[in-house]
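To keep things clear, I will list the structure first and then write my remarks on it.
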Amino acid sequence: MFVLDSSYGTSLVQQIVNGFRQSIEDGSLRAGSKLPSIRQFAQTHDVSVYTAVDAYDRLVALGYFVSRPNLGFFVRRRQATPGPVAVAGPCDAFDANFYMRRIFEHRSLSLKPGCGWLPEEWLFGEGVRRSLRTLAAGDISISGYGEPKGYLPMRQLVRDLLAEREIAVTAEQLLLTQGSSQALDLIARRAVRPGDKVLVDDPGYSNLYFALRFMGAELLGVPRTEEGYDLEQLEALILEHQPKVFFTQPRLQCPTGMSATLSHMYRVLQLAERHDLLVVENDIYADLDDRPRATLASLDQLRRVVYIGSFSKTISPNLRVGYLAAHQELVEELAQLKMISGLTSSEFSERLACGALIDGRWRKHLKNLRERLADAHSRVSARFLDMGFETFATPKAGMFLWVQHPSIDNANVLALLAAENDILLGPGHLFSPSLTMSPWLRFNVAFSEDEAVLRFLRQYI
């Protein structure tokens, strides 16, 4: 195919990228052609598997290769010739966006220990089906649009649920959204302008990072700790950069699974008050928590805090029903933005979710779900510790376990090898504001007990 020479001034990885690029552009490799597997290429050309992974990863990111689950790598059908080959490593922004798309486009991957949702049998399917039967038996109107702020009985129900979390709101202070992602997007579009410096958790919520980068924001990572935050670093970032907004996830945080202590949340609010900072609290895992906790919103009562929640994690991710709570003036502005970008959210989905929430079995479902996750945490943590993994902490609740292994320097390499074995992993650089290469991995405990996953990890670590 082409010859590699380690004595050249160009790295082996770049030689592989250039070689495949030339073969594709001169027609030697045609669109749709199947490529050697990573292991086959490494053996044939006498290079390490890690070198081959790095090169293949760059070629996917550059648009020359496409990875198909269970089948391997193929030459991508391309419409235009790209610019010069970038020398960036496998953790550049394009690659991260590609990997996020692959998570949703290739849910057919058999094993998903790196995903961010629960198995179907863990969700509230029976409640959704009962709600659907109730809706079908009634008089359903399919004409017109829903209310700009969302289905009123659902907002009233959310108001009552938030009262249990000691957050006092009216139905008019609530805006229903298409999942928490739309809520985050609306706030970002209202509060962030190109070039703005924005505080985010580090590590943190990757979907949010992609949205903020697209808007042209500069992300300032606030290191997460077992207690919550590196408060000295947070204050230093505020003093140096004077950001206007902090997006954070205090409870059962993605990807670490940890929850901030009360003292840390008080300090965040003190700094927000002193430096005129808007705090956006993403509390989408609240229903998975087995103990009551204060929130930034309950401590602040929505003076400086915008509170976001969702039912996608516990009822069904397909329903895409989320919400945000804020002071009245801000909610009115966000409702207008919601109308501009997509008119109203789906009243049918909101009615369906509302019916599931008022189902008499809802609270029992949550209790069973929390117990099931706690048991999974206990078992998965023990298995990983036996394999030599180090855990960031032991949250014992929620979905995630954040781990690293002494033998893994770049978790992205392991993630790409796993994809060849029909396994979806969550490499750490996806959860880094700077997309820095990372040895850390996010595991979803609900999907991490399969023996094939454990066997793969034991083989490759």
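The values are calculated or read from the model by the stated rules, or taken from the named source; none is laboratory data. Treat the numbers as computed from the prediction; the structure is a model and nothing was measured. As a convention, Cβ positions derive from the backbone with ideal geometry for all residues, glycine included, and neighbour counts pool all protein chains shown.
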Notebook entry, point to check: In region 366-380, which residues are within 13 Å of F447 (Cα to Cα) and buried (at least 19 other Cβ atoms within 10 Å of the Cβ)?
Noted result: L373, A376, H377, V380
Item checked: Those residues of region 227-236 which are surrounded by fewer than 20 Cβ atoms within 10 Å (Cβ to Cβ) and part of a helix (DSSP H, G or I), in sequence order -> L231, E232, Q233, E235, A236
Item checked: Residue pairs meeting the criteria (Cβ under 6 Å; at least 6 apart or on separate chains; first of a type in the set (A, V, I, L, M), in region 394-419; second assigned to a strand (DSSP E or B) and buried (at least 23 other Cβ atoms within 10 Å of the Cβ)) -> M399/N444; L401/F443; V403/L441; A411/P427; A411/L441; A415/P427
Notebook entry, point to check: For A211, are the conditions met, namely being touching a helix residue (DSSP H, G or I) at 6+ places or on another chain (Cβ under 7 Å), at pLDDT below 95 and small (G, A, S)?
Noted result: yes
Next item on the list: Would you be able to say whether some residue in region 152-165 is at positive phi and of a type outside the set (A, V, I, L, M, F, W, C)?
Entry: no
Next item on the list: Give the residues of region 183-214 that are charged (D, E, K, R) and part of a loop (DSSP other than H, G, I, E, B), sorted by residue number.
Entry: R193, D196
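Checking the condition small (G, A, S), in the same structural domain as Q253 (by TED's automatic domain parsing) and modelled with pLDDT under 95, which residue from A325, A297, A335 passes?
A335
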Checklist line | Candidates S438, S432, filtered to the one that is surrounded by fewer than 24 Cβ atoms within 10 Å (Cβ to Cβ) and touching a His at 6+ places or on another chain (Cβ under 8 Å) | finding: S438
Notebook entry, point to check: Identify, please: which residue in region 390-423 is out of contact with any Pro (no Cβ under 9 Å at 6 or more places or on another chain) and of a type in the set (A, V, I, L, M, F, W, C) and is, among those, surrounded by the most Cβ atoms within 10 Å (Cβ to Cβ)?
Noted result: M399
Next item on the list: For residues that are outside any loop (DSSP other than H, G, I, E, B) and in contact (Cβ under 8 Å) with a residue 40 or more places away in the chain, scanning just region 144-160, find the one that is nearest to S349 (Cα to Cα).
Entry: M154
Notebook entry, point to check: Taking P250 and the conditions (1) in contact with a helix residue (DSSP H, G or I) (Cβ under 8 Å, 6 or more places away or on another chain); (2) assigned to a helix (DSSP H, G or I), which numbered condition does it fall short on, given that it satisfies the others?
Noted result: (2)
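Give the residues of region 262-292 that are assigned to a loop (DSSP other than H, G, I, E, B) and over 23 Å from the mean Cα position of the chain (by Cα), sorted by residue number.
Passing the criteria: H275, D276, L277, R291, P292.
Given the options S131, S180, name the one that is polar (S, T, N, Q), touching a Cys at 6+ places or on another chain (Cβ under 8 Å) and either assigned to a helix (DSSP H, G or I) or within 30 Å of S432 (Cα to Cα) (or both).
The match here is S131.
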Next item on the list: For region 306-403, please list each of the helices (runs of 4 or more DSSP H) lying entirely inside it that holds at least 2 residues being under 21 Å from the mean Cα position of the chain (by Cα).
Entry: 362-386
Item checked: Tabulated pairs, region 295-321, first surrounded by fewer than 22 Cβ atoms within 10 Å (Cβ to Cβ), second part of a strand (DSSP E or B), C-beta under 6 angstrom, 6+ apart or interchain -> R304/V279
Item checked: Subset of region 260-282 (residues that are touching a Pro at 6+ places or on another chain (Cβ under 9 Å) and crowded, with 24+ Cβ neighbours inside 10 Å) -> A260, M265, V268, E281, N282
Check: When the residues of region 172-196 are filtered to those that are over 17 Å from I284 (Cβ atoms) and buried (at least 17 other Cβ atoms within 10 Å of the Cβ), which remaining residue is farthest from the chain's Cα centre (by Cα)?
Finding: Q173
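Counting just the residues of region 62-77 that are among the hydrophobic types (A, V, I, L, M, F, W, C) and surrounded by fewer than 17 Cβ atoms within 10 Å (Cβ to Cβ), which one comes out modelled with the lowest pLDDT? Write out each step before concluding.
Taking region 62-77 as the starting set, the residues that turn out to be among the hydrophobic types (A, V, I, L, M, F, W, C) are 62, 65-66, 71, 73-75.
So of that shortlist, the ones also surrounded by fewer than 17 Cβ atoms within 10 Å (Cβ to Cβ) come out as 71, 74.
Values: L71: 77, F74: 89.
It comes out as L71.
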